[in-house]
Amino acid sequence: MAHIPNPEEVKVIEQSKVSPPPGSVSTTSLPLTFFDVPWLLCCQIERLYFYEFPHPTHHFLQTLLPTLKHYLCLTLRHFFPYAANLVFPPPPEKPHIHFTDGDFVSLTVAESAADFDFLSANHPRPVRALHPFVPKSASTHVKGETLVLGPLLALQVTVFPNSGICIGVRFNHVAADGRAFHHFMKSWALVGRSGGDLTRLERELGLPSHDRTAVKDPNGLDWVLLYTWRSLESTNSSDQDRVPTDQSNVVVVNEDDDNVRATFVLRQAQIERLKSWAKNHFANDNDNNSTPFHRSLFVVTCALVWVCLAKSEETTERNPTAINKLDIDDEITTLSSQRIVEVESNSNCQRPTLGIA
């Protein structure tokens, strides 16, 4: 049986701070749009990326780690909000993202004797086995009557000697959504492959725009959402609790929890068969007036996941009135102007959507 690590068994080798190049980014404050405010109450986002690296730890520390830091530094020049702080001034002022020269992303380097192949495979793995490779949450401190949370991104690189490495990330959803963070990770990788050539980054992936004024809010929706958030937070008595409750550095998964995570890979041929099945199914529908729909990759994948989820929760006593729900993030940028798509490169342009069947 594979070795499941405990947090105590992950040895921390180094803790450092990585900032954009000195003087490359001026002091900047970014307001939160009505796309961002709802995520103040959202859990921080955690991701794990596994890479094969069949070399000992000292080889990683001497060769790969310095270049990872250097290219991260260069990338943060264009993605500086990840190194910034989330500032909560007292009402009626609005929370905002604030960057000053010297702000940083925290980077932890660790070593683990756990089974890399077991952890990085697609089969079900206990959630508690993955938790030690996620970096800790950002710290919170008080400046007068203002609460400051930061940095908004934490990274942890865990070395599995002679096997591989895991890059664990934890970032605040207010700083970016999944698409925006994926842009950051791809940019970091491209900067590394190009040897630090930032012109390739602009040419091949595009640079993020941080101009939040492109998001128009004539009806003051951000104020409505802020009022709702403050009303929910007012139930907490301490000043510390004015920060969304998920920001505290707590263990997300109970040690005795039996939850597992698995990866399911859909090949192109399987996707095409799903589309073909959906086409034939609706072609044979007796209701000739039914509205046609586009059988996209997203549609057929969600349908498959939804059906499998419903079947997995079936019991021997079926309830015909039972409701099955599927939560998804609706990509709003596809409904908006190209200008907002550009701003979305380092912002949130998603809304939670609930499907019921």
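Restricting to the range 135-148, name every residue that is surrounded by fewer than 21 Cβ atoms within 10 Å (Cβ to Cβ) and not acidic (Asp, Glu). Hits for the range 135-148 are 136, 137, 139, 140, 141, 142, 143, 144, 146, 148. Being touching a strand residue (DSSP E or B) at 6+ places or on another chain (Cβ under 8 Å) and either among the polar types (S, T, N, Q) or open to solvent by less than 10 Å² (accessible area, probe 1.4 Å) (or both) is a property that holds for residue 97.
Residue 93 meets each of the listed conditions (1) touching a residue at least 12 places away in the same chain (Cβ under 8 Å); (2) charged (D, E, K, R); (3) farther than 29 Å from residue 202 by Cα apart from (1). Taking the stated definitions as given, is residue 68 open to solvent by 20 Å² or more (accessible area, probe 1.4 Å), over 27 Å from residue 177 (Cα atoms) and either modelled with pLDDT of 95 or more or of a type in the set (Asp, Glu) (or both)? Considered against the rule, which asks whether it is open to solvent by 20 Å² or more (accessible area, probe 1.4 Å), over 27 Å from residue 177 (Cα atoms) and either modelled with pLDDT of 95 or more or of a type in the set (Asp, Glu) (or both), residue 68 comes out as no. Look at the range 48-68: where a residue is closer than 22 Å to residue 121 by Cβ and a partner is open to solvent by 60 Å² or more (accessible area, probe 1.4 Å), sitting 6+ places away or on another chain with Cβ atoms under 7 Å, you get 54/162; 55/162.
The C-beta contact set for the range 170-194 (first residue of a type in the set (Ser, Thr, Tyr), second residue assigned to a helix (DSSP H, G or I) and open to solvent by less than 30 Å² (accessible area, probe 1.4 Å), distance under 7 angstrom, 6+ apart or interchain) comprises 187/75; 187/201. Note on the range 296-337: residues that are open to solvent by 80 Å² or more (accessible area, probe 1.4 Å), within 30 Å of residue 35 (Cα to Cα) and either at pLDDT below 80 or among the hydroxyl-bearing types (Ser, Thr, Tyr) (or both) total 5. I'd like to know if the range 82-90 contains one or more residues that are in a strand (DSSP E or B), buried (at least 21 other Cβ atoms within 10 Å of the Cβ) and aromatic (Phe, Trp, Tyr). Yes - at least one qualifying residue is present in the range 82-90.
From 120, 112, grab the single residue that is in contact with a Ser or Thr (Cβ under 6 Å, 6 or more places away or on another chain) and within 18 Å of residue 261 (Cβ to Cβ). Residue meeting the stated conditions: 112. Considering only residues of the range 103-113 that are farther than 26 Å from residue 39 by Cα and part of a loop (DSSP other than H, G, I, E, B), which is most open to solvent (accessible area, probe 1.4 Å)? Residue satisfying both the conditions and the ranking: 113. If only residues of the range 203-216 that are open to solvent by 50 Å² or more (accessible area, probe 1.4 Å) and in contact (Cβ under 8 Å) with a residue 24 or more places away in the chain are counted, the one that is nearest to residue 182 (Cα to Cα) is 207. Would you confirm whether any residue within the range 177-199 is at pLDDT below 90, open to solvent by less than 20 Å² (accessible area, probe 1.4 Å) and of a type in the set (D, E, K, R)? Yes, the conditions are met somewhere in the range 177-199. The sole residue among 94, 17 that is of a type in the set (Lys, Arg) and closer than 22 Å to residue 136 by Cα is 17.
Just one of the listed residues (180, 189, 175) is touching a Pro at 6+ places or on another chain (Cβ under 7 Å) and either more than 29 Å from residue 116 (Cβ to Cβ) or among the hydrophobic types (A, V, I, L, M, F, W, C) (or both), and it is 175.
Could you count how many residues in the range 27-48 are open to solvent by less than 40 Å² (accessible area, probe 1.4 Å) and in contact with a Leu (Cβ under 6 Å, 6 or more places away or on another chain)?
Selection size over the range 27-48: 1.
The values are calculated or read from the model by the stated rules, or taken from the named source; none is laboratory data. Since we're looking at a predicted model, the values are computed, not measured. When we count neighbours, we look across all protein chains shown, and the Cβ atoms used for this are built from the backbone with ideal geometry, even at glycine. Each accessible area value is taken on the protein alone, full model and side chains, heavy atoms only, with ligands, DNA and RNA left out. Shrake-Rupley method; radii C 1.70, N 1.55, O 1.52, S 1.80 Å.
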